[in-house]
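For reference, the structure discussed in these notes is given below.
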Protein chains: 6
Amino acid sequence: MSETNSQTPCRYPTPDPADLGALPDDVRQRILEVQEKAGFVPNVFLALARRPDEFRAFLAYHDALLLRESGLSKGEREMIIVATSGANQCLYCVVAHGAILRVYEKAPRLADQLATNYRKADITPRQHAMLDFALKVCLRSAEVGEDDYSALHAHGFDDEDIWDITSITALFGLSNRLANTISLRPNDEFYLLGRLPRPAKP
Amino acid sequence: MSETNSQTPCRYPTPDPADLGALPDDVRQRILEVQEKAGFVPNVFLALARRPDEFRAFLAYHDALLLRESGLSKGEREMIIVATSGANQCLYCVVAHGAILRVYEKAPRLADQLATNYRKADITPRQHAMLDFALKVCLRSAEVGEDDYSALHAHGFDDEDIWDITSITALFGLSNRLANTISLRPNDEFYLLGRLPRPAKP
Amino acid sequence: MSETNSQTPCRYPTPDPADLGALPDDVRQRILEVQEKAGFVPNVFLALARRPDEFRAFLAYHDALLLRESGLSKGEREMIIVATSGANQCLYCVVAHGAILRVYEKAPRLADQLATNYRKADITPRQHAMLDFALKVCLRSAEVGEDDYSALHAHGFDDEDIWDITSITALFGLSNRLANTISLRPNDEFYLLGRLPRPAKP
Amino acid sequence: MSETNSQTPCRYPTPDPADLGALPDDVRQRILEVQEKAGFVPNVFLALARRPDEFRAFLAYHDALLLRESGLSKGEREMIIVATSGANQCLYCVVAHGAILRVYEKAPRLADQLATNYRKADITPRQHAMLDFALKVCLRSAEVGEDDYSALHAHGFDDEDIWDITSITALFGLSNRLANTISLRPNDEFYLLGRLPRPAKP
Amino acid sequence: MSETNSQTPCRYPTPDPADLGALPDDVRQRILEVQEKAGFVPNVFLALARRPDEFRAFLAYHDALLLRESGLSKGEREMIIVATSGANQCLYCVVAHGAILRVYEKAPRLADQLATNYRKADITPRQHAMLDFALKVCLRSAEVGEDDYSALHAHGFDDEDIWDITSITALFGLSNRLANTISLRPNDEFYLLGRLPRPAKP
Amino acid sequence: MSETNSQTPCRYPTPDPADLGALPDDVRQRILEVQEKAGFVPNVFLALARRPDEFRAFLAYHDALLLRESGLSKGEREMIIVATSGANQCLYCVVAHGAILRVYEKAPRLADQLATNYRKADITPRQHAMLDFALKVCLRSAEVGEDDYSALHAHGFDDEDIWDITSITALFGLSNRLANTISLRPNDEFYLLGRLPRPAKP
C-alpha cells in the first residue's frame, strides 16, 4: 500500500479548517464561502491564509481574470490553467483545476488530455491555437512576437482575449511555482470531481 | 462542447473490434482474451494488430517484463510506466496504465500524482529512488553511471531489479513514441477505471 | 542611428500619463504617488491601468511581499527580482528593478552582474545561496525539495524567508511573462538611475 | 596508452561465447547463426541472452521491422538507427549499426556523418526528410503532427513507410536506453567493418 | 553593503598594470596603447598577457574581424558580441562590449536591451535578422542551413557579411567560455561608459 | 548509392589546392607544409585561406595551445577536441581530429567512443574528469565554479592545465561553430586514418 504520506495541506503549517477563528474576517468569510460551495476547503486557501495580504492579492487577481467578461469561456480559461500547469508539473493545479474544468465543460476526460499533451485533446482548432500561445508564454515568453498574435487573430481572438490568455498563464505560473515549492497537496475530493455523470433529476 | 473529435483508435485504419475475423488466429485470440478480461479492447491492441509480427513482438516483450518474477511488485512496474509516460507526454500510456496502476495498488489518486510529478506522489522513499533512476534512463540515459546503480542498491534493489527498471522504461519509451506519433487514443473506459471504491460484496 | 522604434509604453494602448482623469480614483492616486516619488510614471503602471482590477491585485501582491517585515533586506528582494528576470529575459524588469536595486544597495554595478550571471556578482555566500534557490524556483520548480530548504537553513534563512524568496520569484515570473508578451518598454529614466554617485550635500 | 578498460561485453555477467551450452536451444541457435555470418558474436546478443524471453522479443521486433518489405531500403533503415542512436549518444548502436550501414550502402563515410550531424551527410533530400521525422520522433514525439506526415508525403513516403520510420526509431530508442544503462560495449570488429574497399575477386 | 569581493582581474594571477616590464615588448606595447586610448587597462588584456602567444593570437583574430572592411558597421559587430555574450551569460563581455557599443552607436540604452533580449531592442529589422542568425550560430550551430542564409540575403547581407557574423559570434563564444571559466571581472570603468551624453564642446 | 553530394570543401568558394599561387607566401607555405606532412590539404586550411588574417590568427591560437609544453599530453588535448566537437555536432572536427587522436594515441577506437559518449570511452579516471570539465565549459560555462577546479586538482591537474583544457575547448567551440555554419567537409582521407595497424617495418 503506497499511500502512507502525511496528509497535511502543504509543507508549511496551515490553519485547521475546523477552527478558522484566528483568521481575519474577510479571509475566514471567503474560506467559508468556498467551503459552502465545494463541500470542503481547497488546500490552496489554507496555505495562503497563512499570509492574509497575499491571500487577498492572489484571489483578487484570480477573480479579476476568471470572473470578468471575456472572449474566452470559463471552460477555456480552465483549459489554459490545466495545460500550462501540466507543463510546469504542478500537481495541485493540475488536479484542482482539472476538476473545475471537468465540471464546467461537462467533459470528464478533457483535463487528463490537456495536462498530458494538449495537442491530442478533444478541443477545437481555435482552442488548440489558444493553447499554443499559452504554452509559449509559459515556457518561452521572451520569444513571443507579432506572429504569435497574428496566429490568434486568425482564429477570432482579439487583443483583449490575448491579454487574458497571457495573464491567466502568468498568474498560474506564479501559483505553480509556489505550489511546487511548498508541496501543496490537492484535496482528495478533487480527483474524482466531474468524472461521473450527474445523476438524473427525479 | 469540446469533445467532438473523431473517436477512431488512432491515425491509422484499425480492425473493427466487432469483426476480427481477418486477423491471424493468435492475434485474434489474444485480443479476445483481453476483451474478456477488461470488458473492451484497448486501442493499442487494435493499432498493433495492423502488423501481426509487431503485435506479437511487443506483447512478448511486455509479458517478459511485466509477468516475470521480480523484486518489483506489479504495481511498482506500473508506477515506472506512468511516471515515464508522463515525462514523454504520452496520453495513451498515461491513461491506460494509470488505470491499471489504480487497480493494482487500490490507490485511486496515485496515477495522477505520478504522471504529473512523481516527486510529490504518495510513494515510499524506495519507490522514489526507483523513479529517479527510471526518469534518468528515460530522459538522459547517456549519463547513467555507477553512482545511479549505487543509489538503488542502497534501497535494496539488486542488479536484476535495475535491469527490470531499465527495460520497462525503455519498452514504454518505445510505446510512447509510437503512440504519440500515431495519435493513439485511450479508450474512454480507462479514464474512470480504479477511481471508485469497489462495491462491497453482498 | 539605431534607436528609432516607437516609444509607446507597450504593445497595447495605454493611458496618457498627462491625462489620467478617466482612471478610477485609487488607480490614479497610486500613479500620482509613484510619479511624485520617481519623477516619472513607470510604464508598468500605465500598462496595468488598462485593467484596474488587475492593477490593484498586482500592486497588492507586490506590496505584500516587498513592504513586509522579512529576514530579507529590501535590497535582497530586488536581487531576486533582477536575477530571475534576467533568466526570463525580461527587459522591463531587468532595467526597472535593476535601477531600484542600485539605489537601495548603493551598488552601481550589482544589477548588471546579477542580470547576466549571479554566480559572478559581488554578493555574500548567503545571497548566492538565496539566488541558487530563487533560480531553481524560477526555472525548475517541480524539482525543488527538502535538500534545497536545508541549503538555505544552513545560511540562516528560516521557512518564512524561504516563502518570501519563493513568492517574490513567482510574482515576478508572472510579471516577466506579461511584460515579455506585451513588449513592455522600460522608461528611459531607469537605465541611468543609481549609476552615478549622489552629489555631496552642501 | 589509454585503452586499458575491461573488455567484458557489458556491466552485467554474460554467457561465454565459447560455451553457450546453458542457453535455450533457439537462443543458442540464433547466436550461432549470427556468429557464422559475422565471424563473431555481437555483444548485444550475449547481453540479451541473459534473459531468453527478452532476447526473443527484441529480435522478433527487430526482424519484423528490418526484414519486412518496405518503402525504405535496408540501408535507409540503418540510416535511421545510426542517426537516432547518435542523438541518444549510444555507443553500441552507433558503432554496430554504423558498420552494418557501411556494408549495406557501400558507403564507408556515411555512418560517421549520420552519427555526428545528419544534416551534413551525403544523403538525398528524401533521406534528409526521413531523418528530420525520425529525429523528431526520437527527441520530441509529443509534438509530431499532421504537418510532419505531410512533409514526408511530399517526398513520396506513404503512411506505412512512416510507421516503419517511427517504429524503427522507437525500437532503437529502447535499445539505446538499455545499452547506455548497462554500458554495452561494441565488439572491436565493428569499428573497422565496411571502411575498406572489398578486395577485387580473383 | 554587498560589494566586498576581491577586485582582482580574474581567478588567475595577472601582471600588475603599473609594472608591465616583464612582458614581451609587443604585448606591453599593445597594452600601453589601449591604456592610452581608454584611460585604463581592460582586464582581458591582463588575463591574456599571462600567455603572450595566446594574447597575440586572440588579438590578431579580434582585429581581423573587427577592423576589416565589412558590410557590417562597427556598431553592428558589437551588437553581435553583446547579444551572444548575453546568451552565454558572460559578464565580462556583456559589460565591456556593452560599453563599446554604447560609444559607437551613441545609444546609451542599446547594450542593456541586447544583452537581455535582442527581440525587444531598438534596432532595425535587418539588424534583428542579423541577430537571429548570430544567436543560432551561438546556440544551435549544427542546425544552421541554407534557409538561414536566405533569410539574411533577403535583408541585403552577402555571404562575406554572413562569414563575418558567424566568425564574430564564434570568436566571442571562445572569449565567453574563457572569461566565464576564469571569472574575468569587468573593469569598473566599463559599467558607466557611454551612458551619459558627451558634454558640449566649448 | 547515397554519396552523391558535391565534394567542395565548404559552402564558400575556396582556393584550388593545385593552384595556390594567389595566396600570400606565409599562408601558401603553411599549406604546403601540412600537405607534405599529411599527404593532402585538410579542408579547414583551404576555407580559412580565403581570409589570410583569420588563417594566421586561428593557426597561431591553435599552435599556442596544441604545441606548448603542458601537463596534458598531445593525445589528451585531442581527446578534448573530439569529445567537445561531438557535443557540438561538428562533423569536420570530429572526423579530422578523430584521425589525429587515433594516430597520436595509437588507439583505433577511441575517437568514435569519445565523439559519441566520453563516459563510455576507454580512458583513465583522470581523463574522464578532464572531459567532465571540458564538456561543462563547452555547454554550460556560466556555471563553472571552484568545485569544478577542485575536482581536477584532485586528479593532479594544476591551474595551468585547467587553462589549457578551457582554452582548447573554447578554441574548438569557435571552430565547430564556423565549420557547422559553412558546412566544412572533412577530407575523405581523415575517415580511415589511424584505424589500421601500421605495417611492420621491414
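Values quoted throughout were computed directly from the atomic coordinates according to the rules given, and no laboratory measurement underlies them. Keep in mind the model is a prediction, meaning the values are calculated, not measured. Don't worry about glycine lacking a Cβ; one is built from the backbone with ideal geometry, like all the others, and counts go over all protein chains shown.
Before moving on, here are some points about what is shown:
- D:Met130, E:Met79 arranged by Cβ crowding within 10 Å, fewest neighbours leading: D:Met130, E:Met79
- Each other copy places its own label point for D:Gly39 at 2.2, 6.1, 7.4, 7.4, 8.2 nm from this one, sorted shortest first, where the point lies 7 Å along the Cα-to-beta carbon line.
- Hydrodynamic radius by Kirkwood, which averages 1/r over all alpha carbon pairs of the protein assembly as shown, in angstrom: 32.5
- Between B:Asp147 and B:Glu36, the simple label model (points 7 Å from Cα in the Cβ direction) yields a spacing of 5.2 nm.
- In nanometres and ascending order, the distances from the F:His153 label point to those of the other copies are 3.0, 3.0, 5.5, 6.0, 6.3 (point 7 Å from Cα along Cα→Cβ).
- Cα centroid separation, the stretch B:18-44 to the stretch B:73-91: 24 Å.
- Dipole magnitude (debye, nearest 20) for the protein assembly as shown, charges at Cβ of Lys, Arg, Asp, Glu: 0
- Rounded Å value of the spacing that divides the Cα centres of the stretch E:150-202 and the stretch A:46-68: 45
- Non-local lysine pairs in chain F, meaning eight or more places apart or on different chains, with alpha-carbon distances under 19 Å, amount to 6.
- From the alpha carbon centroid of the stretch E:97-130 to that of the stretch A:105-132 is 40 Å.
- Between the listed residues F:Ser183, F:Ile165, F:His128, the Cα displaced farthest toward the positive end of the dipole of chain F, a dipole computed from Cβ unit charges relative to the Cα centre, is found at F:Ser183.
- Closest approach of a chain A beta carbon to the axis mapping chain A onto chain D (residue, whole Å): A:Arg140, 8.
- Screening chain F for whole DSSP H helices of 30 Å or more along their axis (Cα) with average Kyte-Doolittle hydropathy at least -0.5 returns F:159-181.
- Dipole magnitude for the stretch E:111-202: about 660 debye, using +1 per Lys or Arg Cβ and -1 per Asp or Glu Cβ, origin at the Cα centre.
- Among B:Cys93, D:Cys10, C:Cys138, sorting on how many other beta-carbon atoms sit within 10 Å of each Cβ, with the fewest leading, yields D:Cys10, C:Cys138, B:Cys93.
- Loop GluC sites (Glu not before Pro), the stretch E:34-78, which have at most 15 other Cβ atoms in a 10 Å radius of their Cβ (DSSP): E:Glu69
- Taking the empirical scaling 2.2 N^0.38 Å for compact globular proteins as reference, the stretch A:23-80 has a Cα radius of gyration ratio of 1.22.
- Ranked for footprinting exposure by Cβ neighbours inside 10 Å, fewest first, E:Thr169, D:Thr166 give D:Thr166, E:Thr169.
- Radius 15 Å from Cβ of C:Arg119, net charge of other residues (Lys, Arg +1; Asp, Glu -1): +1
- Across the identical copies, the 7 Å label point of D:Ser73, projected outward along Cα→Cβ, sits 4.2, 5.3, 5.3, 5.4, 7.1 nm from its counterparts, in ascending order.
- When restricted to Cα atoms, the stretch E:148-200 yields an Rg and a Dmax of 17.1, 44 Å, respectively.
- Diffusion constant of the stretch B:54-202 at 10 °C, which comes from Stokes-Einstein with the Kirkwood Cα-pair radius and 1.306 mPa s, µm²/s: 101
- Per-selection Rg to Rh, the stretch C:1-137 - Cα, Kirkwood hydrodynamic radius: 1.00
- Average Cα contact separation per residue, chain A, under 8 Å, 6 or more apart, as relative contact order %: 28
- Efficiency of FRET from Cβ geometry, A:Thr8 and E:Thr8, R₀ 56 Å, rounded to 0.05: 0.70
- Think of the stretch E:71-202 as a dipole: +1 on every Lys or Arg Cβ, -1 on every Asp or Glu Cβ, centred on the Cα centre; then among E:Ala107, E:Tyr149, E:Ala87, E:Ala107 lies furthest on the positive end.
- Only DSSP H runs of four or more residues enter the estimate; each adds -39500 (n - 2.57), and after division by the residues of the protein assembly as shown the mean residue ellipticity at 222 nm equals -19500 deg cm²/dmol.
- Amide H within-cut-off set for A:Asp122, under 5 Å, with H built and near neighbours excluded: none
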